[in-house]
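Novice: What follows is a structure written as structure tokens; I'll ask about it next.
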Amino acid sequence: DEVFPLVRAGFMTKADSPLKVYACFRIEHCPGGRPASCGAFRDTSAVACGRCEDDTYEASWGCQACKDEGFAGNVLPLLLMLVFATTLIVGITFVMNRPLSSQKHSAMEISVLMSLTVVAMQTLGVFDQVSVTWLEPLASILRACKLVGFDLKILRLSCLISSSEVASYGFSQSPILFSSFVAALSLGIKKCRKPTISFRTEFGNTMGNVASMLFISLVLSCVRPLICYSHPSGNGASVSSYPSVLCFQSGSGHFTMIGIGALTFVLVPLPFLALAVVATRMYPTVMNRERDSLLFLNMLRFLFVKFNPSAYYYGTVMLMRSLSVCMVPVIFQDQSSTQVVVMILSILSFLLMQQTIRPWRKRTTNMADGVLSAMLVVLLVVGSMASAHISKDGALPYLGVLAFAGIVLVCIGGLVHSLYRHFRVHPWFHSFICHHKADAAAQARYLKMLMDTQSRSTTFIDSDHLRDLDTLFDIVRCRISQLVVYLTHDTLTRPWCAGEIATAFNQQKVKMVEVRTASFVAPTDEQLADLDKYIDFSNCSLAKYGFVIEDIRDAFRCLLSSNGVRRETPDYSLGPRARMELLARTVLSQGSHSNQMVTCPALPDQDGMILLSSDTEDDEATAAAGILSAKMQVHALGMERGICSLCDFKESQSDSQPPDASSQIDLVRLIHRSSACIVVLSDGTLRSHVQLRFIVHAMTKQNSAKQNSAMQAQGMTNSGSIVSIAVIPVRTRSFEFPTERFFAESLPAEFYNDPGNQAAGCIRGLFRFIAAPLSPDESDHMIRAQVEKILSACKTAAVAPRMADAAPSTSIQTHAMWGKFSTSIDKPVKAGKMSNCVSEPVGV
């Protein structure tokens, strides 16, 4: 007998060249021993036992005989795979081409998590190409993941058709062709049923989603012939996926495989990556052109819509990450340590970027993406440790299984969470108030407060809940019962208001209520025909959120024609509070109580009240006063006296009514009996005669008390003291402080024609105080903090003891015009002592 050298397990020699040793890619393929010794059903004539015998197929645990499964068993895996792939592509075709304006965030979150799961499985398939000895059961798990990477051996194709390695590799390029065929067929059927769709746009979006999700598999299938591992003693190298094919040797079929891979790479992954890079560079420029941006976004929505608008470039970043992972085993062949280190650095670099910019629209997907990357790094670390300590640490396989279980749990847990949020919408809002902040921030806030008081449900207002416009539109889409469109002068010119109205219009279950204020002017037909100019898109583009100008136009016409939209009009014959309470009631009750009588209350007769003055002709100012009054009532638990907003009462005068003696006497007496006077400064304050009179009276009372105290201290009078009041200016965003030019040119005549310029001096004195801010357009938390500061000043004034005999002795000389203003409050004070009404800031 001839004597042959024996080889160790994991190596083999061929019968015709027993001294030429080949390393097997899997140690179980080659048991070692005599030449031509291979595992069960493996071809002993193939290099490195890298091929199964005829009538057998490659399973994850080795070669198996086809006859053991029968014809049905051999065909079933292929049929199941075809059915699953077809269902997936048809689902992508119909789901991912839905209008963006009607696509829920939860549905998008589910699709993103499924995509991340597929990407993670593909990455595990790349790990199987790394020169690392994976322990069981990780080795079998990684081989199973190769199916996602277009390695179709597990489908038992060799039992159906006899094929070589080259033919098998060529067949692995067919999934992208199959996907294109199914997508085209699905869209063809869809276009027959709905001819208005754009076949080119939806086909491009469908294949873009497929290509971006399977980009790792596309690249890996192209470069697979270039991933080789070396044999000992300079006996060449074999393709890792096809060990029987020797790299760069003629006759082995390797050059043919390289040609097929290069052709596929040039036709599919490379153009797709180039398109992504070019589109990403064009995105900022194109999105500034509203009409062009819509077509651009619809064709490339697979690349941009899954991410926050500020992170629009992350789709290309993900493609780069996938490309870098695939190229590691190609560039660093037979260098297991370098492969592991470089791959870990690549994954960690992109993980750091992802956690820094948080590109996904939802927090769940950002967290899932980060955890998946971390688990992949753990798997690589376990694999590298197993290669160095395979016989020393029995816990390594369990650590690897735990890391893989972490990946599975993240994917399943994320999907379950997204499905739960999809079917259980929370939080739920009864109404959503769509308004223009510059014109109606206070009115919307006040309406919300009244609606929340009158019902058990919550009303949405963007100042309290808004994080970004995308979330805003999703709330309108799936978390409200009705959209209340509060129409002021510029409401419909605001892009976010237009987006909210268009979103509600596309959702049949969302009702719309139109509230037309006196300032609203409906757009003309010419303006509706050219919404690109009517709507101010200078700071916001709706195209990035999937809105079509035609849909916005249809929504506007439906709203303005009241076709299916309930219209409510504020009753301006009522006071501000009564008007808003009635409006809140009718909006909540769907108009059933619109005829209910509402009357204005009479002024309260009480000492020590806090008085609020606002411009009665300005809806924003009166609403701000209503907010302040309501908030102070809630937080003023330690105060015994009430809060009175003058604009809410029937005795409150408007500038359209001339002043009369009785009303002025009531105002002076009310101020004298108050503990604090709050002046809400708004855009029209310096033009409002009512507010200016209130300022003059309040500052006169405060100055009188100070002068009386000074005279008592000097022994000039023995009369009782006059209780001082706090005069607190509260500034809204619309107010601008007056300049000297205002007092010289714009102050109404009745306030500077009086003797000694007493009224003008009082008005000047008010602006020596530090004005407390009130911002109805901020969150409720911010407003509460502002109100608490105002309330603290009022409480300081309220605790001052009041004299029982301090009733006012008032004489007022009132003429037809206020220009001959002459007032004396409390006899001990002489008129000559009141020429300077400017006082030092106190209490604010």
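Novice: Filter region 31-56 for residues that are touching a residue at least 40 places away in the same chain (Cβ under 8 Å), among the hydroxyl-bearing types (Ser, Thr, Tyr) and either open to solvent by 10 Å² or more (accessible area, probe 1.4 Å) or out of contact with any Cys (no Cβ under 9 Å at 6 or more places or on another chain) (or both) and give the result. Quick ask: steps written out before the conclusion?
Specialist: Our first condition is that a residue be touching a residue at least 40 places away in the same chain (Cβ under 8 Å); within region 31-56, this holds for 43, 46-52, 54-56.
From what is left, the residues that are among the hydroxyl-bearing types (Ser, Thr, Tyr) are 56.
Within region 31-56, none qualify.
Novice: OK, next. How many of the residues making up region 495-539 are closer than 29 Å to Ser481 by Cβ and among the polar types (S, T, N, Q)?
Specialist: Residues flagged as closer than 29 Å to Ser481 by Cβ and among the polar types (S, T, N, Q) within region 495-539 amount to 6.
Novice: Counting residues that are under 24 Å from Arg301 (Cβ atoms) and modelled with pLDDT of 80 or more, which helices (runs of 4 or more DSSP H) fully inside region 56-173 reach at least 2? Give the steps one after another, and end with the answer.
Specialist: Details: elements: 70-95, 105-127, 138-145, 157-160, 165-171.
Hits in region 56-173: 70-95, 105-127.
Novice: Only helices (runs of 4 or more DSSP H) wholly contained in region 464-565 count here; list those with 1 or more residues that are touching a residue at least 60 places away in the same chain (Cβ under 8 Å) and either of a type in the set (Val, Ile, Thr) or surrounded by fewer than 21 Cβ atoms within 10 Å (Cβ to Cβ) (or both). Explain how you work it out, then say what you get.
Specialist: On the way: elements: 469-478, 495-506, 525-529, 531-534, 549-561.
The helices (runs of 4 or more DSSP H) meeting that bar are 469-478, 495-506, 531-534, 549-561.
Matching residues to (1) touching a Gly at 6+ places or on another chain (Cβ under 9 Å); (2) not β-branched (Val, Ile, Thr):
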position	(1), (2)
Val119	no, no
Val130	yes, no
Leu157	no, yes
Ile161	no, no
Ile176	no, no
Lys190	no, yes
Asn205	no, yes
Val210	no, no
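Novice: Kindly indicate whether any position in region 57-70 is open to solvent by 40 Å² or more (accessible area, probe 1.4 Å), touching a residue at least 40 places away in the same chain (Cβ under 8 Å) and at positive phi.
Specialist: No, region 57-70 contains no residue that is open to solvent by 40 Å² or more (accessible area, probe 1.4 Å), touching a residue at least 40 places away in the same chain (Cβ under 8 Å) and at positive phi.
Novice: Also: Confirm whether Phe547 is under 24 Å from Lys362 (Cβ atoms) and aromatic (Phe, Trp, Tyr).
Specialist: On the way: under 24 Å from Lys362 (Cβ atoms): yes; aromatic (Phe, Trp, Tyr): yes.
Considered against the rule, which asks whether it is under 24 Å from Lys362 (Cβ atoms) and aromatic (Phe, Trp, Tyr), Phe547 comes out as yes.
Novice: Now a separate question. Report yes if Glu28 is under 19 Å from Val130 (Cα atoms), open to solvent by 30 Å² or more (accessible area, probe 1.4 Å) and acidic (Asp, Glu), otherwise no. Spell out the reasoning first.
Specialist: On the way: under 19 Å from Val130 (Cα atoms): yes; open to solvent by 30 Å² or more (accessible area, probe 1.4 Å): yes; acidic (Asp, Glu): yes.
Yes; evaluated as a whole, the condition is true for this residue.
Novice: Right, next: Which one is modelled with the lowest pLDDT, of the residues in region 305-320 that are touching a helix residue (DSSP H, G or I) at 6+ places or on another chain (Cβ under 6 Å), open to solvent by less than 30 Å² (accessible area, probe 1.4 Å) and part of a helix (DSSP H, G or I)?
Specialist: Restricting to residues being touching a helix residue (DSSP H, G or I) at 6+ places or on another chain (Cβ under 6 Å), open to solvent by less than 30 Å² (accessible area, probe 1.4 Å) and part of a helix (DSSP H, G or I), the top hit is Ala311.
Novice: If you scan region 119-145, which residues turn out to be under 17 Å from Ala85 (Cα atoms) and without any contact (Cβ under 8 Å) to a residue 60 or more places away in the chain? Show your work before the answer.
Specialist: Our first condition is that a residue be under 17 Å from Ala85 (Cα atoms); within region 119-145, this holds for 119, 121-122, 144-145.
Listed by number, the residues that qualify are Met121, Cys145.
Novice: Still on this structure, please answer the following. Would it be correct to say that Gly414 is at pLDDT below 80 and over 30 Å from Pro495 (Cα atoms)? Break it down into steps so the answer makes sense when it comes.
Specialist: Working: at pLDDT below 80: no; over 30 Å from Pro495 (Cα atoms): yes.
No.
Novice: Taking region 325-340, which residues are part of a helix (DSSP H, G or I) and modelled with pLDDT under 90? Steps first, answer last, please.
Specialist: So the first thing to find is which residues in region 325-340 are part of a helix (DSSP H, G or I), and the list is 325-331, 336-340.
Within region 325-340, Ser336, Ser337, Thr338, Gln339, Val340 qualify.
Novice: Residues that are open to solvent by less than 10 Å² (accessible area, probe 1.4 Å) and either over 22 Å from the mean Cα position of the chain (by Cα) or of a type in the set (A, V, I, L, M, F, W, C) (or both): does region 416-426 have at least one?
Specialist: From region 416-426, those open to solvent by less than 10 Å² (accessible area, probe 1.4 Å) are 418; that's our starting set.
Then keep just the ones that are either over 22 Å from the mean Cα position of the chain (by Cα) or of a type in the set (A, V, I, L, M, F, W, C) (or both); that gives none.
For region 416-426, residues open to solvent by less than 10 Å² (accessible area, probe 1.4 Å) and either over 22 Å from the mean Cα position of the chain (by Cα) or of a type in the set (A, V, I, L, M, F, W, C) (or both): absent.
Listed here are the residues, each with its yes/no results for (1) within 23 Å of Cys52 (Cα to Cα); (2) open to solvent by 60 Å² or more (accessible area, probe 1.4 Å); (3) touching a residue at least 40 places away in the same chain (Cβ under 8 Å).
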residue: Cys192; (1), (2), (3): no, yes, no
residue: Met207; (1), (2), (3): no, no, no
residue: Ile227; (1), (2), (3): yes, no, yes
residue: Ser233; (1), (2), (3): no, yes, yes
residue: Pro243; (1), (2), (3): yes, no, yes
residue: Gln249; (1), (2), (3): yes, yes, no
residue: Leu270; (1), (2), (3): no, yes, no
residue: Val286; (1), (2), (3): no, no, no
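The values are calculated or read from the model by the stated rules, or taken from the named source; none is laboratory data. Fair warning: this is a prediction, and the values are worked out from it, not measured in the lab. Positions of Cβ are backbone-derived with ideal geometry, glycine not excepted, and every protein chain shown enters the neighbour counts. Side chains are part of the model used for accessible areas, which takes the heavy atoms of the whole protein and leaves out ligands, DNA and RNA. Shrake-Rupley method; radii C 1.70, N 1.55, O 1.52, S 1.80 Å.
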